[in-house]
């Protein structure tokens, strides 16, 4: 440290400020660690000298003038970006955006993004937003925004490009698997109000509960939704919990959602550096769902908090998980303020399901794999009949031949959610089996009439 402290140039003062910020970040991290780990490690002097020389070369030789403050801010961004895809430096604008997102309202086009091989990957479009309505899909790679190529652009800067004044348009270039050419989408920015939870009846006795994102009050919204569902359907036989394309959100919210479906046991726990268990969450004894059969739908767009819910319900055998493997984001990010308006978002822990499974880079494997697909009603003619044969005889009743039109035209195709239909079918099957078992038990415990032979459960109707 004496190499730096012995000089007093503006450059070295700036370097000291940058190192002070780095040490401050380390200090914040240390607060969450055991006392034995709180002593910061000494900085390697050779690397500090290299950093100083690189900074000095950029400052003196870059093609355009650049001040020390901006250079050091870039250094912090690069330091965090090199750790993992989810650690980041939060400028004033980024910090505000993060707070807006977690509270449920912000401006933009409605895309949750991450980084993959230097490109910006769509984790999921948010429900009922310009991106979702335009047809942007999970897994799409954003390669261009308003003509600017995004190769190696940090995720936070790409997000900033997508934000703007309400009503303005943005042109996004997309690479999509299976498409030979890039796709182009023109979107109009809106105020993105994330409707975290919604529900509806699928058919009498079966309900649908959708969680699109985990924000601060999602747990409360789920409890309210369950209350409304039970009021509307007192004889509830099954529930589909849809977590597809849910990018996650607040950890505590996912815990509260799981707690609405189980009445005992561990929900999730986190491990920090050194495999030390930092936090554990357990269920409360009440069960607001009242044990109703549940099928949880997940896909590759289900990430983070959504995976916590699916993994916990799977480990407790409380729900059947259906769909495709989830995203695999099993890390916890902690926001650590540096000043009143700037912070770092740092990966500080990994979370595990109740049975000790790590979700990181593995995801949740469904109990029943159902690929995404469309169920469409058949269109066109239904087979060949006599009237279709060339030279056929007329009917002799002075009636014109029947001219059969297509059942529906292309614009009237009935499109359904295949995975949702399969979930509903499974719930119906579960109830049929439960009813059969109940009848079996009733038959086997019923006392036989005098003089009447019985074989017990074999006579139960199935």
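Read-outs: derived from the displayed coordinates by stated rules, not from any lab. Everything quoted here is computed from the prediction, not taken from an experiment. Neighbour counts run over all protein chains shown; Cβ positions are idealised from the backbone, glycine included.
The listed peptides 321-327, 298-304, ordered by packing as a protection proxy, come out as 298-304, 321-327 (highest mean of other Cβ atoms within 10 Å first). Average projection, convex hull of the Cα set of region 197-369: 10.3 square nanometres.
Sorting 207-218, 77-88, 59-70 by average packing, meaning the other beta carbons within 10 Å per residue, from highest down gives 207-218, 77-88, 59-70.
The antiparallel fraction among DSSP beta bridges confined to region 197-369 stands at about 60%. Each listed q (0.13, 0.16, 0.25 Å⁻¹) maps to a log10 I(q)/I(0) for region 105-193, found by the Debye formula over equal Cα scatterers with no solvent: -0.35, -0.54, -1.42.
Compared with the alpha-carbon gap, the fully stretched path from residue 99 to residue 393 is longer by 98.2 nm at 0.36 nm per residue.
Summarising the label geometry, the points placed 7 Å from Cα in the beta-carbon direction at residue 217 and residue 334 lie 2.9 nm from one another.
Spin-label model, residue 434/residue 277: points 7 Å from Cα along the beta carbon direction are separated by 3.2 nm. The antiparallel fraction among DSSP beta bridges confined to region 195-266 stands at about 50%. In this label model, residue 151 and residue 169 are separated by 2.8 nm, measuring between points 7 Å along each Cα→Cβ vector.
Globularity index of region 179-268 is 1.35 (Cα radius of gyration / 2.2 N^0.38 Å, N = number of residues).
Among DSSP beta bridges lying fully in region 74-161, give the percent that are antiparallel, nearest 5.
Antiparallel bridges: around 100 percent, rounded to the nearest 5.
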